[in-house]
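Engineer: The structure's right below; bear with me while I get my questions together.
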Amino acid sequence: MTILVIIGNGFDIQNGLPTSYRDFHKLYSSKLNDILVHFPDFFDDQEWSYFEENLAVFDEDNFRETSALEPSMDDMIESSKYVNGYNDEIEEKVRELVNDIHDSFKAWVKSINVNKALKFMAFPEGCKFINFNYTPTLQQVYLVPDINVLHIHGQVRGNIIFGHGAGNGNKASSSSFNENKPWFEEANKSLASVTDQLYKPVNEILDNSRASLEGYGNVSKVIVIGHSINEIDVPYFKLILDTYPDVTWENWNYDEGIMESHENLLNLGVAESKLNSSCSSGLNLAYPQ
């Protein structure tokens, strides 16, 4: 019998690691604030609690106006170099913006020292892990073999996948600039690509991981630790529920996260009689070292 353990960020936080978006904000707000002003959803999220989700809406007009000087009609009539130069400058500024976000996020993840984690529980025999975190906490602190851990969004030792999950990206906030000034088509394409480049391709990841997710055999229980079961990750949980419909579920979370994650699992279709949600502070008693 297999116990399937789903690990969310709350697990690393409970191990004493600075992996919340609030921690990311402390280290990188001075570097990224001038960039994130172009993503309007950050306006009411002062500590980046919804960092990835907030990348879904990009203000093209604001970015365009502050990134390059638009050539006048007289300049463009005089020479096509002004149009080409403007398009090239917008393309370069878009590349810098996306790279700064990617590089900062990856640098932060890589800076987290797992050796400072404080082990607080022991996992039962027969566990397989689906880890939504990028850190090797399970392997280095809990001595779980790599073969038993699926890093669904990649890991710090390899490729890291992050971003929003709104549609297929391309959720820009812009005016009718495209129709009015078609000669800036290349610049418009560059601007429209921002949310695409910051999109987390969940369906693609799901397809690539399907064999692993469906191949755990005779699963008796699913244990969820520190995961909010947010909207972007629902497809993974839905596949697990469909593949293992008769298992019992344990859901461990903190404070308001307990009820929120509990309701999210019920909405997915987990039977209330098969679901038990508790505060994560009790994990060390339920699974003592």
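Engineer: For the stretch 145-160, check the following and say yes or no: at least one residue is closer than 16 Å to Lys200 by Cβ, of a type in the set (Gly, Ala, Ser) and either crowded, with 18+ Cβ neighbours inside 10 Å or touching an Asp or Glu at 6+ places or on another chain (Cβ under 6 Å) (or both).
Structural biologist: no
Engineer: Take the conditions farther than 26 Å from Leu27 by Cβ, surrounded by fewer than 12 Cβ atoms within 10 Å (Cβ to Cβ) and modelled with pLDDT under 95 and apply them to Asp74. Does it pass?
Structural biologist: Criteria met by Asp74.
Engineer: If a residue must be under 10 Å from Ala187 (Cβ atoms), among the hydrophobic types (A, V, I, L, M, F, W, C) and either modelled with pLDDT of 95 or more or in contact with a His (Cβ under 8 Å, 6 or more places away or on another chain) (or both), how many such residues does the stretch 87-104 contain?
Structural biologist: 1
Engineer: Let me ask something else. Across the stretch 150-167, what is the number of residues that are part of a loop (DSSP other than H, G, I, E, B) and without any contact (Cβ under 8 Å) to a residue 60 or more places away in the chain?
Structural biologist: 7
Engineer: Please list, ordered by first then second residue, the pairs with beta carbon atoms under 8 Å, 6 or more apart or interchain, first in the stretch 123-137 and assigned to a loop (DSSP other than H, G, I, E, B) and at pLDDT 95 or above, second crowded, with 23+ Cβ neighbours inside 10 Å and not β-branched (Val, Ile, Thr).
Structural biologist: As it stands, the answer is Phe132/Gly8; Phe132/His227; Asn133/Gly8; Asn133/Phe11; Asn133/Asp12; Asn133/His151; Tyr134/His151; Thr135/Asp12, since those pairs meet every condition given.
Engineer: Tell me the residue from Ser111, Ser79 that is of a type in the set (Gly, Ala, Ser) and modelled with pLDDT under 95, please.
Structural biologist: Ser79
Engineer: Gln46 versus (1) over 16 Å from the mean Cα position of the chain (by Cα); (2) buried (at least 19 other Cβ atoms within 10 Å of the Cβ): which is the lone unmet condition?
Structural biologist: Result: Gln46 passes all but (2).
A quick yes/no check of all residues on (1) out of contact with any strand residue (DSSP E or B) (no Cβ under 6 Å at 6 or more places or on another chain); (2) among the charged types (D, E, K, R):
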residue: Tyr236; (1), (2): yes, no
residue: Thr243; (1), (2): yes, no
residue: Val247; (1), (2): no, no
residue: Glu256; (1), (2): yes, yes
residue: Gly269; (1), (2): yes, no
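Engineer: Looking only at helices (runs of 4 or more DSSP H) that fall completely inside the stretch 224-289, which ones have 2 or more residues that are surrounded by 15 or more Cβ atoms within 10 Å (Cβ to Cβ) and not basic (Lys, Arg)?
Structural biologist: Qualifying helices (runs of 4 or more DSSP H): 234-243, 256-268.
Engineer: Scanning the stretch 219-262 for residues that are among the charged types (D, E, K, R) and over 14 Å from Ile3 (Cα atoms), which turns out nearest to the chain's Cα centre (by Cα)?
Structural biologist: Once the filter is applied, the top-ranked residue is Asp233.
The values are calculated or read from the model by the stated rules, or taken from the named source; none is laboratory data. It should be emphasised that the depicted structure is a prediction, and the values quoted were computed from it without experimental measurement. Here Cβ is always computed from backbone atoms with ideal geometry, including for glycine, and neighbour counts include all displayed protein chains.
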